[in-house]
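Colleague: Before we start, here is the structure in question, set down as structure tokens.
Any read-out appearing in this document is the output of simple, stated calculations on the displayed coordinates, not a laboratory observation. Only a predicted model underlies this, so the values are computations on that prediction, with no experimental measurement involved. With ideal geometry, Cβ positions are generated from the backbone for all residues, glycine too; neighbour counts draw on all protein chains shown.
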Amino acid sequence: MYRAKISGTGSYLPEKILTNFDLEKLVETNNQWIVERTGIRERHIAAPDQATSDMALIASQNALAMAGLAPADIDLIIVATTSPDYPMPSTAAVLQDKLGARSVCSFDLSAACSGFVYGTSIANQFIRTGVYKNILIVGAETLSRIINWKDRETCILFGDGAGAIILSRASDQDQSTILSEHLYADGALNHLLDIPGGGSRLPFSQKVLDENLQLVRMKGREIFKNAVRTLASCCGEALETNKLTVDEIDWVVPHQANARILEALAKLIHLPMSKMIMNVDKTANTSAATIPIALDQAVRDGRIQRGQLVMLAAFGAGLTSGSILLKF
């Protein structure tokens, strides 16, 4: 069995920034209320002519540049997204064309905010078994198109953006490796966060549009409680599997949903906040893109260094959850 390493990271955030003060003009809310409950101060919003694949393209090009690879070197493309360009074809296929990559296997993955962790785990299996050498995994979202901007409970939480990594076969000299992955879904709680309209259960109709059923709905209190529980469980399992203590972890890069969730997680697993990578105040919740964006920023500003132990942890609609422990 081979080992996999992250050979490159990349990210992209749209130019337009929507602050909490801007939201005060759109919906009944205020900056203090949003910051106290979520820690979010601003979010990036895609331009009218930008789709998910456009942001994914820039993030992917940045990751390729860091890895020193060309699009022709990529053997597989996985795009984790809840807001694809189209219902069909996949955004991964669109990205493959825009990137100028070979006609390699390309597919979308639907696991909501856990999508990037799911995708990285799948890619790791292909690397370990020797099927592929270089895999592009992207988390990209244009959530501003599927948010109800009249619902103050949800519209304050989300933003747009894309993050990407290149997972490559490690050489014998590399320290980098993925140590473990733990993935779950609790389908009994799928109703806590959903988009009920637009699928085969409830196809598009005038009723769907009139009732905004094509937009995100969320039961915030229940999501908060289950998010903290599932994140702590995934992180704890990773530590137990690898016979490590939380003190031995250099960094935790969690899904950036809400600062209060992350603070509760840190308290529950006895993790110093100084070891947690957080950018939710500047990006809000970009779903599948949050972890790769935060990871890329921390790699590029020098916080995350080669040889350090890094925990990725996510939860999302489904309710999906997962963790990956790796030596960067």
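Colleague: Over what distance in Å are the Cα centres of the range 61-79 and the range 116-141 separated?
Modeller: That distance is 12 Å.
Colleague: With a Cα-only, solvent-free Debye model of the range 177-327, what are the log10 I(q)/I(0) values at q = 0.14, 0.17, 0.20 Å⁻¹?
Modeller: These q points yield log10 I(q)/I(0) values of -0.70, -0.95, -1.23.
Colleague: Work out, step by step, the length gained on full extension between Ala65 and Leu189: first 0.36 nm times the residue separation, then minus their alpha carbon distance; give nm to one decimal.
Modeller: Fully extending the segment from Ala65 to Leu189 adds 40.6 nm.
Colleague: Going by C-beta contacts inside 10 Å, put Leu265, Leu231 in order with the fewest on the left.
Modeller: Least crowded to most crowded, the residues run Leu265, Leu231.
Colleague: Each label point is 7 Å from the Cα along the Cα-to-Cβ direction; what then is the distance between the points at Lys219 and Asp22, in nm?
Modeller: In this crude label model, Lys219 to Asp22 measures out at 3.3 nm.
Colleague: Something else: Rank these for me by crowding, Trp251, Trp33, going from fewest to most other beta carbons within 10 Å.
Modeller: Trp33, Trp251
Colleague: Same structure again: In a shell of Cβ-Cβ distance under 10 Å around Lys327, excluding Lys327 itself, what net charge do Lys and Arg (+1) and Asp and Glu (-1) give?
Modeller: Result for the neighbourhood of Lys327: +1.
Colleague: Now for a different question. Determine the equivalent ellipsoid of the chain by diagonalising the alpha-carbon gyration tensor, then write out the semi-axes as square roots of 5 times the eigenvalues, largest first, rounded to whole Å. Before the final figure, lay out each step's value.
Modeller: Working: eigenvalues 171, 113, 66 Å².
Taking √(5λ) for each Cα gyration eigenvalue gives 29, 24, 18 Å.
Colleague: Let me ask something additional. Glu15 versus Met88, label points 7 Å from Cα toward the beta carbon: distance in nm?
Modeller: Reported label-point gap for Glu15 and Met88 is 3.7 nm.
Colleague: Given the Cα-Cα distance of Asn148 and Arg128 and 0.36 nm per residue of separation, how much length would full extension add, in nm?
Modeller: That pair, Asn148 and Arg128, stretches by 3.0 nm at full extension.
Colleague: Something else about it: Exceeding 29 Å between C-alpha atoms, which entries from my cross-link table qualify? They are Lys25/Lys275; Lys16/Lys150; Lys219/Lys282; Lys16/Lys225; Lys98/Lys133.
Modeller: Cα-Cα > 29 Å for Lys25/Lys275; Lys16/Lys225; rest within.
Colleague: Follow-up question, since we're still on this one. Take the alpha-carbon centre of the range 25-51, take the same for the range 154-195, and report the distance between them in whole Å.
Modeller: So the separation of the two Cα centres works out to 23 Å.
Colleague: Calculate, in nm to one decimal, what Val35 and Val208 gain on full extension: separation in residues at 0.36 nm each, minus their alpha carbon distance.
Modeller: Here the answer is 59.1 nm.
Colleague: Could you sort the peptides 134-145, 278-289, 149-160, 180-191 by per-residue average Cβ neighbour count (10 Å cutoff), highest mean leading?
Modeller: 134-145, 278-289, 149-160, 180-191
Colleague: What number, rounded to the nearest 500 deg cm²/dmol, is the helix-based mean residue ellipticity at 222 nm of the chain, given -39500 (n - 2.57) per DSSP H run of at least four residues and division by all its residues? Mind showing how you got there, number by number?
Modeller: Values: 10 runs with 104 residues, N = 328.
Per the formula, -9500 deg cm²/dmol.
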